[in-house]
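A short worksheet on the structure shown next.
Readers should treat all values here as calculations from the given coordinates under stated rules, not as data from a laboratory. Since we're looking at a predicted model, the values are computed, not measured.
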Amino acid sequence: MEEITWLQALILGIIQGFTEYLPISSSGHLTIFGTLFGLSGEENLSFAIAVHAATVLSTIVVLWKDIWKILTGIFKFRWNEETQYFAKIILSMIPVGLVGVFLKKDIEKVFGSGLFIVGCMLLLTAALLFFSYYYRPKQKENISFKDAFIIGISQAIAVLPGLSRSGTTISTGLSLGIKKEDIAKFSFLMVLIPILGEALLDLMKGDFTSGTGISGFSLLIGFIAAFISGTIACKWMLNLVKKGKLIYFAYYCVAVGLIVIIYSLIK
C-alpha cells in the first residue's frame, strides 16, 4: 500500500473539517474518498483519528466562551448550572465510551467493510434529518439528564461510517424538544473529551504513523487542513441549526447514499 501523499492528506483534512460539523458524516466521506485514493480501512481509521482531533480543537476555538464559562462554574465547587451542564456532558459520553472499550475491534472492521454500509448509513442519516425537520415536539427550557443520556446513545450508534454524528445527535435532540441553539452547542461539546482521549491514547501507543502508510508531514498537513476547515464549518453549522435549514443536507445524504450504494454493487 502506497503512502498517503500530502495532497491526499490535504484533501481528506478539508473533507473531515467540513463534514465533521455538517450532518453528512465525516467518517462516511473519509471512507468514500479513502477508497477512491486506494487506502485501506486501517490507514483510513488512523488518519481519521488525527483529523478528528484537529476538528475538536476547532470546536474549542469557536466555543471557547462557553467552555470557559463551564470551567469557571465547575471550579466554584457548587452544584450550579455550569456544574450540572458538565455532568450532563459526562453522562452523554458513557455510551460511546462503552462502545469504544468493548466494540472497538468490531468498529474497525466496519470501517474497512466497503462502501455499501456507508451508503446505507447515509440514507439513515437522511431519514433522521427528515424526521427531526417535520416532527414538532413541545420545546424544553433545558437539557435534562435523561435527554443527555439518550443523545449519548445516539452518538454511540453514530460511530458507524456514513451515520453522521452531528446529524444523529442534533436530530435526536430536536426530536426530544431541545431548542436548536442548545442542542447544536451540546452536540459539539459532548464529543470533545472522547475524541481527544482516543487520539491521546493512540498517540501514546504510537498508532498514528506506525505501519499505516502515513508520514508525519502528511499527518501535519491533514491536521492543519482539518482545523481550518473545521473552524469555518463549526461557525456555519451553528447558524444553520438556528435557522432550521438542515433539511437540505437530508437531500444531499439521499443523493450521495444512493450513488455510493449503486457504485458498490456494480463495481
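Couplings for the range 20-34, taken from phi via the Karplus curve 6.51 cos²θ - 1.76 cosθ + 1.60 with θ = phi - 60°, read 5, 9, 6, x, 10, 6, 5, 5, x, 5, 5, 5, 4, 6, x Hz in order; Gly and Pro are left as x. Cross-link check: pairs Lys140/Lys245; Lys76/Lys140; Lys65/Lys88; Lys76/Lys242; Lys146/Lys235; Lys69/Lys235 evaluated at a Cα-Cα cut-off of 24 Å; pairs beyond the cut-off: Lys76/Lys140; Lys76/Lys242; Lys146/Lys235. Contact order normalised by length for the chain, with contacts defined as Cα pairs under 8 Å and 6 or more residues apart; what percent is it? Computed value for the chain: 40 percent relative contact order. Candidate cross-link partners of Lys105 among the lysines, defined by an alpha-carbon separation under 23 Å and a same-chain spacing of 8 or more, comprise Lys205. For the chain, the Kirkwood hydrodynamic radius from C-alpha pairs, put into Stokes-Einstein at 10 °C and a viscosity of 1.306 mPa s, yields a diffusion coefficient of 85 µm² per second.
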